[in-house]
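The values are calculated or read from the model by the stated rules, or taken from the named source; none is laboratory data. Predicted model only: the values in this text are computed from it and were never measured. Every residue, glycine as well, gets a Cβ built from its backbone with ideal geometry; the counts of neighbours run over all protein chains shown. Accessible surface is based on the protein model in full, side chains and every heavy atom, while ligands, DNA and RNA are left aside. Shrake-Rupley method; radii C 1.70, N 1.55, O 1.52, S 1.80 Å.
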Amino acid sequence: MNNRRQEKVTWWLGWVGDMPRVTTFLLQKPWLSAWALPKTVNATLRAIGIVAFANSPLSGLFILSAMFVGNPAVAWASLLAGLVGVVFSKLLHQPEQLISDGAVVFNGVLVGCISVALFPSLSGHQVDALFWLALTAMLVITAYIDKGLNALMSPSTLPALSVPFNIAAVLMLLSMRSSAGLTGTLGPDMQQYSGSNDSGALPSLSENTTEKVEWLKVMEGSVLAAGQIYGVGTMDASILILLGFLVFSPLLTLFFLIGSVIGSLLGVLMSPAPYLEVYAGLWGYNALLTAGGVVYFLQVTPAAVLAAAVAATLAALVQAASGHVFSAMMVPVLSYPFNVALLLLLAISTTPDPPLLWVQHRTFPEQHLYLHLKALRRKDQNVAAPENRNQEELQQITSK
């Protein structure tokens, strides 16, 4: 009876979270067959989701739908990036498991999404055939950067996260500016640039000139931060993206929202009025990713909960400090603050007797928490067993 119940639980777990049954099934199928298309679709959808740790094709489908709602060009760029990423991951002999999970493809997806979202604002030109050709070339380069950086970081056991994306995206965006004859802080409309609004265009001071904080818009910005991860900062797209996160892990989604609120509130303190970037979600997305990354890579313990809040705060501080440097180049901070903050926190888990515990086999946070609590319960039982045995022996001796 217990075995039959265990089989039901195992079957159920195979279709939630990271949906391992899909991965296991497709890994058994050869690439040189009709299964190449489903394998590529799975890897691409997972790559879209794993940008925010949601390693699920279902989550990826929600997020891809959000891209089509917010900016169809971003969606097509992500699909192109998925195809190029899978092909060159195979050519670079990346592990099959990492290709299937989209882990070696997602940096290219980010390069595609953000380049399309920002190209009109930075260059003053529309997305054209030449842009798509340049983007394809940069996606190929991103695959090599991803492979090299992960090889460099492998001795530390820390992930490269989206560092490859930050390198490739800066190269892409600055190259596009140069091709448009723009240098320094000169923009197509002579405005200072720091991020994109709902349509990917430059924020305009004429949109809001009040210095009073509109707290409802701050909270709206905390939601829009989800869309800004992919360069589609509209409310409907952001809600769809959050739903994609939710079907993967409600716990992860909760920490995303907590991190986003922290980042947005700190953005009010550290950015000048009229707080347009805060309202657009540009101060929330790095903190959002950082807080979520803590509970994805580390065991969900009280120490990790505190670390998530600290890491989200650190991401916002890094964004405030580095924004001046990036604005001088006329490019946004991208996910640089997220990478700095999360890598520093994750490094703590590699020290002797760490206060933060690394998750060895990552699936989704709810399962991580369940297995962690189960291991603690088993450990307590093993400790209690010898004590009970000693008490029984002592009682026997006393009775004699």
| Share of the range 268-346's accessible area from carbon and sulfur, percent, 1.4 Å? | 78
| note | Surrounding charge for R362, neighbours by C-beta under 11 angstrom, Lys/Arg +1, Asp/Glu -1, total -2
| request: Please sort 311-323, 50-62, 340-352 by packing, taking for each peptide the average over its residues of neighbouring beta carbons within 10 angstrom, highest first. | output: 50-62, 311-323, 340-352
| task | Report in % the part of the accessible area of the range 211-250 that belongs to carbon and sulfur, leaving out ligands and nucleic acids; probe 1.4 Å. | result | 71
| field | Cα gyration tensor, the range 27-110 - rounded (a/c under 1.5), prolate or oblate | value | prolate
| query | What number comes out for the charge environment of V268, summing +1 per Lys or Arg and -1 per Asp or Glu over other residues with Cβ under 14 Å away? | reply | -2
| the range 354-372 and the range 60-135: distance between their alpha carbon centers, rounded to Å | 30
| field | Heavy atoms of W35: accessible area, 1.4 Å probe, square angstrom to 10 | value | 90
| Rolling a 1.4 angstrom probe over the protein heavy atoms, how many square angstrom per residue are accessible across the range 55-110? | 35
| remark: Amide H proximity to L298 below 5 Å, modelled H, separation 5+ or other chain, gives V359
| note | Packing-ranked peptide list from 27-33, 136-142, highest mean Cβ count within 10 angstrom first, is 136-142, 27-33
| said: Quick check for you: with a 1.4 Å probe and neighbouring chains kept, what is the accessible area per residue of the range 203-295, in Å²? | reply: 36
